[in-house]
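So the structure is just underneath, and the comments pick up after that.
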Amino acid sequence: MRLAGRVAPVAVARGRPATAANVARNALGDDERARRWAPVRDAAWRLLDQHVPWDARVAVLGAGNGDDLPLGRLAARAGELHLFDLDPAALRRARRRCAPEARQRVRLRRCDVTAGAADRIARAVRLGRRPRRVSVPFTGLGDGGYHVVIGDLLYSQLLYPALMDAGVSQPRTRRALARYGPALTDAVVARMHASAGTGARIIHLHDVVGWWDGHPQPVSLEDVLAQEQLVDAFALISHCRRPVGTDPGESAIRLAARVLDTALWEWPFAPDARYLVCATVTERGTG
């Protein structure tokens, strides 16, 4: 995963590198980016429109500024919309995306879904140590009992941005992600399940592959999206350089979640960087 901007000195000095790295990136949002991401919001709504019932209680984890999600449409559809993020300023910006008459149904929840584990891991890796404690409580978020829980492109952001801002080398970063990423992602997905009511939809939006200068891939984004069958698209993706240890789909399988729907779309992250988003709609498993 590639992210614009590096703000290491302040982020590391505060002792919460994962938190600070994500807050710094939220601050990079602007009107031009919001306009560029309009097709992403439309693509997300085509999926969500099928899976979010009227008057549902909806939770969005990693809501950030709301640039990549159709929050206005969600707020109009939902009975309650709870936005979770570790950045309260970004949450306030996200709520402003909703029409005034819908904002009363939007609740802002400042929350680190890793319960500090990402910060502890990033600090330890930067110092060349192993973290003393990496566990995350498998407990629900907010009021629980949500009809729909959405993870909004947060999985690759749990740890990687902090390691990049701390100046950790790419080989050490990949080793850290391979060691700690799956457990961290598993914990976040488990918290989503614990937050969901019976028969709830749990929807994961994940940036599975990226294309940018200096990061060659064996296939193009256009090739992937041109496939008529998802199995063929995933066969192409399997040959690409991908984020390590951040796949919520694998975590959902370990939780025995039932996959109900899958979709792919382009995310024009920046003028010189594009990503493929994989949306996976699941139903809470019994495992």
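The figures follow:
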read-out	value
Calculated from backbone phi, Karplus (6.51, -1.76, 1.60) coupling profile of the range 36-44 in Hz, x at Gly/Pro	5, 8, 4, x, 5, 5, 5, 5, 5
Whole-Å semi-axes of the chain's equivalent ellipsoid (Cα gyration tensor)	26, 23, 20
Long-range amide H partners of Arg107 with built H, under 5 Å	Leu81, His82, Leu83
Longest segment of the chain lacking GluC sites (Glu not before Pro) that sit in a DSSP loop with at most 13 other Cβ atoms within 10 Å	102-227
Packing rank of 231-243, 57-69, where each peptide gets the mean count of other beta carbons within 10 Å, highest leading	57-69, 231-243
Surface/4 of the Cα convex hull for the range 17-109, nm²	5.7 nm²
Percent carbon-and-sulfur accessible area, the range 51-117, ignoring ligands, DNA and RNA, probe 1.4 Å	47 percent
Long-range amide H partners of Leu260 with built H, under 5 Å	Val281, Thr282, Glu283
Integer Hz, Karplus 6.51/-1.76/1.60 couplings in order for the range 169-185, x for Gly and Pro	5, 4, x, 5, 5, 5, 5, 5, 5, 5, 7, 10, x, x, 5, 5, 5
Accessible surface of the range 152-287 [probe 1.4 Å, protein heavy atoms]: carbon and sulfur percent	52 percent
Karplus-derived 3J(HN,Hα), 6.51/-1.76/1.60, for each residue of the range 73-81, Hz, glycine and proline x	5, 4, 5, 5, 7, 7, x, 9, 10
Semi-axes of the equivalent ellipsoid for the range 115-226, Cα gyration tensor, largest first, Å	27, 24, 9
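The values are calculated or read from the model by the stated rules, or taken from the named source; none is laboratory data. Just so we're clear, the structure is a prediction, and the values are computed from it rather than from any experiment. Using ideal geometry, Cβ is built from the backbone for each residue, glycine included, and neighbour counts are taken over all protein chains shown. To get the accessible areas, we keep the full protein, side chains included, count just its heavy atoms, and leave off ligands, DNA and RNA. Shrake-Rupley method; radii C 1.70, N 1.55, O 1.52, S 1.80 Å.
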